[in-house]
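Inspection log for the structure reproduced underneath, given as structure tokens.
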Amino acid sequence: MKIRLLITAVVAVCSAMLAPMASAQLRITEWNISNYSGGNAANLETSIYASFSGRSMSPDIFVCQEFLSQAAVNSFLAIVNAAPGSPGDWAAAPWQNGNDTDNAMFYRTSKVDFLGMTVIQVGSGPPLPPRDVNRYDVRLKGYAANEAVIAFYSSHMKAGSASDDQARRLIEAQNIRTDAENLPAGWNFILGGDFNIQQATQSAYVHMTANLANNAGRLFDPIATPGSWNNNFAFRFVHTQDPIGAGGMDDRHDQLLVSGSLVDNGALDYMGNPAIPYSTVTWDDANHSYRSWGNDGTSFNTTLATSTNTMVGQAIAQALQAMAAGGGHLPVFLDLQVPAKVSVPTIIDVGTVAVSATVNANLTVSNGGDVALWSNAGIADLTYSMVGTAGLTVPAGFFVTSPGVAGNLHLVGIDTSTAGPINQTVTVTSDDIDTPNAQVQIVGVVGIPCPGDGDGNSVVDLADLNLVLFNFGAIVAPGTNGDVDGNGSVDLADLNLVLFNFGTVC
């Protein structure tokens with residue numbers, strides 16, 4: 001169950017403002033790597049792991065196009081694992097040798113578990129799309145629910161603006177959306193690709209993003225930036241092509257589009273505000289984690305700025321240019337915030353308490369997200385409410401707790417009007433996708449505060465002995481009429497308890 005409050009949305013947006021260059025969370029990079037046959041280690045290492053003013057690409061997932069062979073995949077994998085600054089935990093998804101150049105996908109094994117690869121479209125000649133579309137399915141490390149699964153589509157659509165080019169792109173868009181419509185319930189999905197689409201009104205882009213009868217497979221632009229991107233100065237901060245070619249930076253061919261579940265302020269979500277269009281005055285948009293890596297907006301209709309590049313600096317900009325040799329592309333990335341995890345005790349024992357005493361169980365609810373893996377900013381806040389079984393009084397309303405802090409302390413009132421065992425339950429309902437209803441058992445005993453004191457005068461004396469003897473063998477209300485052990489009957493155990501404690505002053 002997803003519980004949402006206005007305060008949660010505000011906190012999420014504020015957290016997102018710190019997201020673009022955070023060191024953890026889940027970073028997704030899309031990159032058409034330009035007819036990659038292997039090697040080029042120095043430029044790859046610099047593009048991916050070098051840092052400028054504290055900023056580095058440092059992704060967790062690569063969705064790539066234009067790999068030429070299995071050897072190229074193996075080479076790229078070896079380079080990213082050995083690169084200075086790499087965590088060294090990269091693995092490659094199975095590579096499929098299809099028509100023309102091919103897709104590749106790489107992932108960090110500490111961040112996700114790989115579930116499988118599916119070819120959802122086989123590339124062919126006209127009138128069909130020219131290249132394969134692959135889907136790569138992963139699940140966030142440490143999560144079990146379907147809502148922690150992300151299906152990544154990798155697409156390299158037909159280039160050109162002729163009607164048959166657009167028709168082939170539309171077929172590919174239809175294939176992607178149809179497949180997404182049939183994913184298991186709860187799954188998230190992201191399309192990364194070189195779309196070769198010059199404006200949002202082209203039929204392929206419209207089909208992928210439109211509000212249709214079946215919206216299960218609908219895709220969304222997380223930076224809310226539709227338009228006619230080609231050769232348009234207004235979109236200079238999101239252009240991806242071409243960082244070194246003669247035409248310069250004037251196209252938004254490369255994009256990451258996401259499922260609605262990733263822009264709904266849900267458990268797993270885009271770190272940014274998808275309702276606000278990307279800035280038209282700065283690359284450093286605090287409302288978004290999305291970046292066209294290397295594009296500082298000063299290269300419209302020219303090659304990528306290098307010595308003056310304010311986003312990545314000269315070394316990274318030059319490395320990106322070198323990777324794009326032959327008519328290439330800049331990578332784009334975005335960050336995802338992973339779901340919160342509820343942390344509560346399974347049992348709270350209040351011990352033996354007096355009849356009619358005021359007693360509270362101290363219940364702490366924390367956000368148990370793995371801060372070491374995802375960082376504080378990379379984990380969503382936990383939003384929750386509580387209900388208790390009869391005999392408990394729990395705080396009403398909704399509560400929020402952040403990861404990496406002590407959590408919220410709640411006092412749970414316990415009914416002590418009747419002697420006997422305490423065995424009640426508090427249910428914490430939260431947006432933890434694996435444990436939406438966590439239960440805490442409250443146990444203890446409501447008993448006589450002074451063992452053997454049947455009349456409540458804090459002295460075990462002859463009056464207590466007479467009370468037991470007078471009612472011996474009777475079934476009584478627990479804790480009354482000589483039932484000093486609170487089990488509801490006056491018997492030898494009660495007599496022994498009085499005799500053992502005779503003369504005690506409590």
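Every number here is computed from the coordinates shown, using simple stated rules; none is lab data. Because the structure is a prediction, the values reported are computed rather than measured. Ideal geometry is used to build each Cβ from the backbone, glycine not excepted, and the neighbour counts take in all protein chains shown.
Taking only the Cα atoms of the range 344-403, the ratio Rg/Rh comes out at 1.09, with Rh defined as the Kirkwood radius. Backbone geometry of the range 292-308 corresponds, through the Karplus equation with coefficients 6.51, -1.76 and 1.60 at θ = phi - 60°, to 3J(HN,Hα) couplings of 8, 5, x, 8, 9, x, 9, 10, 4, 6, 9, 5, 4, 4, 10, 5, 10 Hz, x marking Gly and Pro. Evaluated at q = 0.13, 0.26 Å⁻¹, the base-10 log of the normalised Debye intensity for the range 305-359, with identical point scatterers placed on the Cα atoms, takes the values -0.60, -1.07. Which length gain, in nm to one decimal place, applies between Asn35 and Thr302 when the Cα-Cα distance is subtracted from 0.36 nm times their residue separation? Between Asn35 and Thr302, full extension yields 93.9 nm more.
Across the alpha-carbon atoms of the range 275-318, the computed radius of gyration and Dmax are 10.9, 34 angstrom. Bridges between two residues of the chain, per DSSP, are antiparallel at a rate of about 75%.
Sorting the segments 361-367, 405-411 by their mean number of nearby beta carbons within 10 angstrom, highest to lowest, gives 361-367, 405-411. May I ask you to derive the relative contact order of the range 342-447, considering only C-alpha pairs under 8 Å and at least 6 residues apart, and to give it as an integer percent? It rounds to 37 percent for the range 342-447. Kirkwood hydrodynamic radius computed over the range 451-506 comes to 10.4 Å, based on all pairs of distinct alpha carbons.
Here, the range 170-276 is characterised by an Rg to Rh ratio of 0.99, where Rg is the alpha-carbon radius of gyration and Rh the Kirkwood radius. Over all orientations, the range 342-447 has a Cα convex hull whose mean projected area works out to 6.5 square nanometres.
Contact order for the range 397-459, expressed relative to its length and based on alpha carbon pairs under 8 Å spaced 6+ residues apart, stands at 26 percent. Taking a straight Cα-Cα cut-off under 14 Å and skipping sequence neighbours fewer than 8 places away in the same chain, the aspartates and glutamates within cross-link reach of Lys111 are Asp60, Asp89, Asp137, Asp335, Asp370. Only the Cβ atoms of Lys and Arg (+1) and of Asp and Glu (-1) were treated as charged; on that basis the dipole of the chain about its Cα centre amounts to roughly 1460 debye. Panel values: the range 399-506, Kirkwood radius from alpha carbon pairs, Stokes-Einstein at 20 °C and 1.002 mPa s, translational diffusion coefficient 131 µm²/s.
Summed over all non-identical Cα pairs, the Kirkwood treatment of the range 28-325 gives a radius of 19.3 Å.
Normalised by the number of residues in the chain, the average gap of Cα pairs under 8 Å and 6 or more apart makes the relative contact order 14 percent.
With one equal scatterer per alpha carbon and no solvent term, the Debye-computed log10 I(q)/I(0) for the range 252-335 at 0.11, 0.17 1/Å reads -0.35, -0.75.
Here is how the number arises for the chain: DSSP H runs of 4 or more residues each give -39500 (n - 2.57), the sum is divided by the residue count, and the result at 222 nm is -5500 deg cm²/dmol. All C-alpha to C-alpha distances of the range 32-99, sorted into 10 Å bins beginning at zero, yield P(r) values of 19, 55, 22, 3, 0 percent in whole numbers. The C-alpha radius of gyration of the range 124-226, expressed as a fraction of 2.2 N^0.38 Å, stands at 1.11. With a Förster radius of 45 Å, plug the Cβ-Cβ distance of Asn97 and Asn265 into 1/(1 + (r/R0)^6) and report the FRET value to the nearest 0.05. Between Asn97 and Asn265 the formula returns 0.65.
Sort largest first and round to whole Å: the equivalent ellipsoid semi-axes of the chain, each the square root of five times a Cα gyration tensor eigenvalue.
Ellipsoid semi-axes (Å, largest first): 64, 21, 19.
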